[in-house]
Amino acid sequence: MMIALYVVLAIVAIIVLLALIAPKTYNVSRSITINKPVNEVFNYLKYIKNQDEWSPWKKKDPNLKQESIGADAEVGFIVKWEGNKDVGTGEQEIVKITENESIESQLRFYKPWKSQSDAYLTTKAVNDNATEVVWGFSGVNKPPSNIFFLFFNMDKTVGKDFEEGLSDLKRILESR
């Protein structure tokens, strides 16, 4: 009986220790330079529905079900999605737009697990005909689920998707 108690206490202690040392926040971003003026790039990016053309997650589920609420490219616009295991279920809401600078949104995931992240797209003129675009998101890993991130590299996994999406975005915008 005492051995079982010690084993349980040891397991609890390990979980607490791992939760204490595991990452409590995340921030993943990637950037690319697009050979188009900042206002042209920004005006394309602020429409969330345009992400259907370049989002890597849309490719992962071509049968993705989507529903939108509100006026796209305006604060308060929400797009909801329900997809396969690769994209899950969730919604994205535009929370702030700073003209020709940034689009901030909140990502709320419901499946495969519940989480919330702050997403952003920023634009910055490199010169009159080139724009740097940064795509990223950040959030908080709550204990004890943060233990998972000791074994999962979010920057590497999601960063790869961001790179793919930004590459497609560049191709689309530069071909127009």
Worksheet, complete the sentence: Mean-square fluctuation maximum in Gaussian network of the chain, Cα pairs under 10 Å, restricted to Ser105, Ser115, Ser145, hits Ser145
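Any idea what the dipole of the chain comes to, in debye rounded to 20, about its Cα centre with Lys/Arg Cβ at +1 and Asp/Glu Cβ at -1? The partial results should precede the final answer.
Details: 22 positive and 23 negative charges, 123 e Å.
My answer is approximately 600 debye.
Which of Arg176, Arg171 comes first, and how do the rest follow, when ranked by fewest Cβ neighbours within 10 Å? Could you put the intermediate results ahead of the total?
Values: Arg176 7, Arg171 11.
So the ranking, lowest neighbour count to highest, is Arg176, Arg171.
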Response to the item:
For Leu169, Leu9, ascending order of other Cβ atoms within 10 Å (fewest first) is Leu9, Leu169
Worksheet, complete the sentence: When Ile14, Ile3 are ranked with the fewest other C-beta atoms within 10 Å first, the list becomes Ile3, Ile14
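Report the local net charge at Asp168: Lys and Arg +1, Asp and Glu -1, summed over other residues whose C-beta lies under 9 Å from its C-beta.
Values: positive: Lys59, Lys170, Arg171; negative: Glu53, Glu164.
Value of the local net charge: +1.
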Discussion item. Taking the Cα centroid of the range 16-88 and of the range 99-157, what is the distance between the two, rounded to the nearest whole Å?
Written reply: 8
Discussion item. I'd like the FRET efficiency for Lys142 and Lys85, computed as 1/(1 + (r/R0)^6) with the beta carbon distance as r and R0 of 22 Å, rounded to 0.05.
Written reply: 0.45
Item to complete: Between beta-carbons, use under 14 Å as the cut-off and find the net charge around Trp81, counting Lys and Arg +1, Asp and Glu -1.
Response: +2
Worksheet item: Tilt of helix 154-174 relative to the longest C-alpha principal axis of the chain, in degrees (0 to 90, nearest 10)?
Response: 10
Response to the item:
Between the modelled labels at Val7 and Asp155 (7 Å from Cα along Cα→Cβ) the distance in nm is 3.9
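The numbers here are math on the coordinates, done by the rules we state, and not lab data. No experiment lies behind these values; they were computed from the predicted model shown. When we count neighbours, we look across all protein chains shown, and the Cβ atoms used for this are built from the backbone with ideal geometry, even at glycine.
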